[in-house]
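Reading through the structure tokens given below for one structure.
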Amino acid sequence: MCGILDLAGNLLLKGSINMAYEESDIRSKCIEAMKDPKNFYKKDFVNYRGKFPNTGVYFNEAVAEFVIAHFDELVAGIPPITRQTTYKTAGHDGNYDPASNRVEEQIAMDMFRQGDFDFIGKVIDYQTPLKNIKYDDIGKIDLLSYNKADGTLRILELKKPDSKETMLRCALEAFTYLRTVDKEKLLADFGLPADTVVKACPLVFLNGIQHEEWLDEKRPNLHKFMSVNDIQPFFVERTGSGYKVYSA
């Protein structure tokens, strides 16, 4: 099936025909994707943002409901990876080529250089590797922040201001990274106390699409998945002096 996502997240087929999904369509996609739980968050349908024509329920809510119902299967299918080398990458100094088009990475490095923030504490690293060997199928942690006040290390999944990814996608990706990382070694590599709590947290822009979804009362399954797994979102905005972070 060929097509692209429109600004509302619906799939447009060739000829700009808006695809109207039924509940059974989304469920079938979920069942197929759950055969590879560690990559569930990457699937296109996790970012579908339309509604079922018969009920008005968001496609994304059906995905969240499926994830909640198959949570044990999801967790069992995300294998932990222990890096034999350190998680703390030498050379992470926050400098980058201003001509680069990697917006999210630039924001992450800007926040690393800025250092301390309300709620999330001090940003201590960016693009933290999760792979142990080259062929491990996993990405990198966008930002790590440590808040000494509440004894928490946060795995922050950052999205750029105009990102069209859904809040569910952000939450699932952060959760997958949390399940993948060797928390004991991660803490040791960054010299943090062994009893530090490690949490998965979306970090999205204030008033962006993900923020709007979080505020939408018609997304109970999204909120349930995040609440049950203690996935707390934070919201960021660009200010004249850098960035400012807000709590949900």
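Structural remarks
- If a spin label sat at a point 7 angstrom from the Cα of Asn95 along the line to its beta carbon, the backbone N atoms of the range 126-151 nearer than 19 Å would be those of 126-127.
- Comparing Leu187, Leu153, Leu172 in a Gaussian network model of the chain where C-alpha atoms under 10 Å apart are linked, the largest mean-square fluctuation is found at Leu187.
- Segments 235-242, 32-39, 121-128 sorted - mean Cβ within 10 Å per residue, highest first: 121-128, 32-39, 235-242
- Rounded to 5, percent antiparallel among DSSP beta bridges of the chain: 70 percent
- Of Leu143, Leu192, the residue with the largest accessible area leads and the full order is Leu192, Leu143 (1.4 Å probe).
- Carbon and sulfur %, accessible surface of the chain computed with the full protein complex present, 1.4 Å: 51 percent
- For the range 109-176, the solvent-accessible area works out to 38 Å² per residue, with a probe of 1.4 Å and every protein chain left in place.
- Amide H contacts under 5 Å for Leu158, placed H, 5+ residues apart: Asp142, Leu143, Leu203
- Evaluated on the range 157-248, the Kirkwood hydrodynamic radius is 14.2 Å, with distances taken between all distinct Cα atoms.
- Spatial separation of Cα centroids for the range 88-138 and the range 56-77, in angstrom: 30 Å
- Whole-Hz couplings from phi, Karplus 6.51/-1.76/1.60, listed for the range 198-210; x for Gly and Pro: 10, 10, 9, 9, x, 10, 10, 7, 4, 6, x, 4, 5
- Backbone phi angles across the range 166-177, fed through the Karplus curve with coefficients 6.51, -1.76 and 1.60 (θ = phi - 60°), yield HN-Hα couplings of 7, 4, 4, 4, 4, 5, 5, 5, 4, 5, 4, 5 Hz in residue order; Gly and Pro are listed as x.
- Only one residue of Ile209, Pro129, Pro79 has its Cα farthest out toward the positive end of the dipole of the chain, where Lys and Arg carry +1 and Asp and Glu -1 on Cβ, and that residue is Pro129.
- Applying the Karplus relation 6.51 cos²θ - 1.76 cosθ + 1.60 with θ = phi - 60° to the range 97-113 yields 3J(HN,Hα) values of 6, x, 7, 5, 9, 8, 4, 4, 5, 5, 4, 4, 6, 4, 5, 4, 5 Hz, where x marks Gly and Pro.
- Candidates Asp110, Asp182, Asp93, ranked by Gaussian network fluctuation over the chain, Cα under 10 Å, top entry: Asp93
- Semi-axes of the equivalent ellipsoid of the chain are 31, 21, 17 Å, computed as sqrt(5λ) over the eigenvalues of the C-alpha gyration tensor in descending order.
- In a DSSP loop and with at most 13 other Cβ atoms within 10 Å, the GluC sites (Glu not before Pro) in the range 124-232 are Glu217.
The values are calculated or read from the model by the stated rules, or taken from the named source; none is laboratory data. Quick caveat: nothing in here was measured; it's all calculated off a predicted structure. Virtual Cβ from ideal backbone geometry, glycine too; neighbours counted across all protein chains shown. Each accessible area value is taken on the protein alone, full model and side chains, heavy atoms only, with ligands, DNA and RNA left out. Shrake-Rupley method; radii C 1.70, N 1.55, O 1.52, S 1.80 Å.
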